[in-house]
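The values are calculated or read from the model by the stated rules, or taken from the named source; none is laboratory data. The structure displayed is predicted, hence computed values, not measured ones. Note: ideal-geometry Cβ built from the backbone for every residue, glycine included; neighbour counts use all protein chains shown.
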Amino acid sequence: MFEQFIGTKPVEERHRIDTAALEKFLGFRIAQLEQFKGGQSNPTYRLTAADGKRYVLRRKPPGKLLPSAHAVDREYRVIKALHPTGFPVAKPHVLCEDDSVIGTAFYVMDYVEGRVLWDQALPGMSQAERAAIWEEQNRVIALLHSTDFEKAGLHDFGKPGSYIARQVSRWTKQYQASETQKIEAMDQLISWLPHNIPAGDETSIVHGDFRLDNTIFHPSEPRILAVLDWELSTLGHPLADFSYHCMAWHVAPGKYRGIGGLDFAALGIPSEQAYVRRYCERTQRGAIDPSTWDYYMAYNLFRMAAILQGIAKRVLDGTAASTHAAESGARAPLLAELGWQQVEKILRRAA
């Protein structure tokens, strides 16, 4: 099911890199250049230097891009800020914003050897192993939201306050700029979300796409060695980030990385309620109001639908980085409908 995302492949013709120009910029000879199969947004490569050391290069895709998308410069900045704090990220090396080198901006970081786990049900593992993997994800996202962004030098990494209002506006514009079909649930969310934002504002570093397959686990231990794909990171509301991570419980298996409806006790995976409770303990937060949680879940399903719609548009434009992007883009209506179902729960509760 996830084989199309795992491992590397020969570099696609449209994502070819002038190796000589890259070698000149980096100052070492490249023995091998491969492209990772995953990476819907920013083409990602594994470089093997002549001395055997391996690195990862992430670049903006070629072609016409949506405004503020594919922000590899922001990815590099947050990784560089977090690495000295001990937060698990790959060691960053260099950012190149000069398009003349390989055609688009890129950065280079260490290649981290370990496991990328794609199926959140963690098939083939014991109950204890699954519990440990989920506990580690909980620990790391709580650690991120507890990191002092000012001490890390990220005080200007995003605007303080009104995060949800700005995000709803941003993703509405992104969605409308890439609209290829009418999605009624999306129009309903665009109308309802801006006027019903929960009270209470907080600010932390948010990853924006924290999920199992954006982490690298130790080869044999339930320990995250690196969190990947920081393109959507900024300063924002931690509950918006954490509820995105918890979308898995709301989406059925096979429908965009979901575990909804599985027998969690039999698998050793915590229930959503237990997982949220553990995060609240770690971040010293009180219980979250159910309607507040449902709002953030609706917001994230809306946001994900907008992202997938952007992928669908890039498929039509011929700029999508993954050969399986069409399959991802087609899921936008499903996530929009799930988002509106969350709103309906709030409305029933208020009635």
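How do the pairs read when you match residues in segment 223-249 that are farther than 22 Å from LEU301 by Cβ with residues anywhere that are hydroxyl-bearing (Ser, Thr, Tyr) and surrounded by fewer than 21 Cβ atoms within 10 Å (Cβ to Cβ), using Cβ under 6 Å and keeping only pairs 6 or more apart or on different chains?
LEU235/THR203
Taking the residues in segment 218-232 that are crowded, with 17+ Cβ neighbours inside 10 Å and out of contact with any helix residue (DSSP H, G or I) (no Cβ under 7 Å at 6 or more places or on another chain) as candidates, determine which candidate is farthest from ARG139 (Cα to Cα).
LEU232
With the condition kept exactly as written, say whether any residue in segment 119-130 is touching a Lys or Arg at 6+ places or on another chain (Cβ under 7 Å) and among the charged types (D, E, K, R). Give the steps one after another, and end with the answer.
In the first step, residues of segment 119-130 are kept if they are touching a Lys or Arg at 6+ places or on another chain (Cβ under 7 Å); the result is 120, 122.
Going one step further and asking which of them are among the charged types (D, E, K, R), we end up with none.
Within segment 119-130 (the criterion being touching a Lys or Arg at 6+ places or on another chain (Cβ under 7 Å) and among the charged types (D, E, K, R)), the answer is no, since none of the residues qualifies.
Quick check: is even one residue across segment 235-249 hydrophobic (A, V, I, L, M, F, W, C), in contact with a Lys or Arg (Cβ under 7 Å, 6 or more places away or on another chain), buried (at least 21 other Cβ atoms within 10 Å of the Cβ) and modelled with pLDDT under 95?
So far as segment 235-249 goes, yes, one or more of its residues are hydrophobic (A, V, I, L, M, F, W, C), in contact with a Lys or Arg (Cβ under 7 Å, 6 or more places away or on another chain), buried (at least 21 other Cβ atoms within 10 Å of the Cβ) and modelled with pLDDT under 95.
For segment 100-144, which residues satisfy the criterion of being surrounded by 16 or more Cβ atoms within 10 Å (Cβ to Cβ), charged (D, E, K, R) and more than 24 Å from PHE242 (Cβ to Cβ)?
Correct list: ASP110 only.
Just to be sure I understand, how many residues within segment 256-280 are out of contact with any Cys (no Cβ under 8 Å at 6 or more places or on another chain), charged (D, E, K, R) and in contact (Cβ under 8 Å) with a residue 12 or more places away in the chain? Before you say what the answer is, go through the steps one by one.
If we filter segment 256-280 for residues that are out of contact with any Cys (no Cβ under 8 Å at 6 or more places or on another chain), which is where we start, we get 256-271, 273-274, 277-280.
Applying the additional criterion that residues be charged (D, E, K, R) yields 257, 263, 277-278.
Now restrict to residues that are in contact (Cβ under 8 Å) with a residue 12 or more places away in the chain: 257, 278.
The total comes to 2.
If LYS159 meets every condition in (1) modelled with pLDDT of 95 or more; (2) in contact with a Leu (Cβ under 9 Å, 6 or more places away or on another chain); (3) not hydrophobic (A, V, I, L, M, F, W, C) apart from one, which number is that one?
In the conditions (1) modelled with pLDDT of 95 or more; (2) in contact with a Leu (Cβ under 9 Å, 6 or more places away or on another chain); (3) not hydrophobic (A, V, I, L, M, F, W, C), LYS159 misses (1) alone.
Quick check on my filter: what residues within segment 8-51 are part of a loop (DSSP other than H, G, I, E, B), exposed (fewer than 13 other Cβ atoms within 10 Å of the Cβ) and not acidic (Asp, Glu)?
PRO10, GLY27, ARG29, ALA50
Counting only residues that are part of a loop (DSSP other than H, G, I, E, B) and among the basic types (Lys, Arg), which one in segment 146-171 is nearest to THR283 (Cα to Cα)? Show your work before the answer.
Taking segment 146-171 as the starting set, the residues that turn out to be part of a loop (DSSP other than H, G, I, E, B) are 147-162.
Add one more test, that the residue is among the basic types (Lys, Arg), and what stays is 151, 159.
Working: LYS151: 18, LYS159: 22 Å.
So, considering only residues that are part of a loop (DSSP other than H, G, I, E, B) and among the basic types (Lys, Arg), the one nearest to THR283 (Cα to Cα) is LYS151.
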